[in-house]
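To start, the structure itself, in structure tokens.
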Amino acid sequence: MKKIVAIYPGSFDPPTNGHLDLIERGSKIFDELIVAVLRNTEKSPLFSLPERLHMLEAMTEDFSNVRVDSFDGLTMDYAVKVNAGAVLRGIRAISDYEYELQMALMNRKLQPAVETVFMMPAEQYSYLSSRLVREIAQLGGSVKDLVPELVEQRLKEKLDPAIKLQHAREPKPRKRG
Ligand code: PNS
């Protein structure tokens, strides 16, 4: 039987428990799921591409049929490149629907053979977004239970001035040669 490869595209700045919930659900219905991080979502993302890839790789290491990759350009061109038959997107609330419908229909126009599949994350993540996580963390609030522990730690390291200072004071490894 034909294997169904799906991509789960997004900016993941940072990845949240809502993303993880969707990845888990997607991994159960697709043979292979590729979490595809868009390279240039915003001019100045909070986390660099390697940082986002590293967090997602750590978060998904227990899912044997999930891998993490990055892409540039059109999602549909990337889908064709990796032979994906489906694009996975999460819908949290009705407010997501209009934008997601528009994107799904445009993607279908670009590439009729690739289907968009919508899944709903668990209810407790229905109000969760990367943008809100960034805002809460930047203003000193707690993002516990909203993101995996590793992401919480990375946010602290990036945003806590004391930790930043400590890192700046740490002696840098000397370059050889
Ligand atoms: O995490 P996001 O911001 O909801 O992800 C949006 C994303 C990356 C899926 C969307 O912006 C996208 O597909 N961008 C790639 C460029 C593209 O294909 N644009 C046409 C969409 S119809």
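Taken together, the values in this text are just the output of simple stated rules run on the coordinates, not laboratory data. Since the model is a prediction, treat every value here as computed from it, not as a measurement. Counting neighbours? That spans all protein chains shown, and the Cβs are built from the backbone with ideal geometry, glycine included.
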Give the total of Lys-Lys pairs in the chain with Cα-Cα distances below 18 Å; include a pair only if its members are 8 or more places apart or on different chains. 11
Rh by Kirkwood over Cα pairs, then Stokes-Einstein D for the stretch 5-71 at 0.890 mPa s and 25 °C, µm²/s: 207 µm²/s
With n ≥ 4 as the cut-off for DSSP H runs, can you work out [θ] at 222 nm for the chain, using -39500 (n - 2.57) per run divided by the number of residues, rounded to the nearest 500? -13000 deg cm²/dmol
For the chain, divide the Cα radius of gyration by the Kirkwood radius and give the resulting Rg/Rh value with two decimals. 1.01
Using the per-residue mean of other Cβ atoms lying within 10 Å as a proxy for protection, in what order, highest first, do the peptides 14-27, 51-64, 115-128 fall? 14-27, 51-64, 115-128
Taking the Cα centroid of the stretch 61-119 and of the stretch 136-154, what is the distance between the two, rounded to the nearest whole Å? 27 Å
No solvent, one uniform scatterer per C-alpha: report log10 I(q)/I(0) for the stretch 22-124 via the Debye equation at q = 0.19, 0.22, 0.24 1/Å, two decimals. -1.15, -1.45, -1.52
Got the relative contact order for the chain handy, in percent, Cα pairs under 8 Å and 6 or more residues apart? 26 percent
Compute the distance in nm between two label points, each set 7 Å from the Cα along the Cα-to-Cβ direction, one at residue 109 and one at residue 57. 3.8 nm
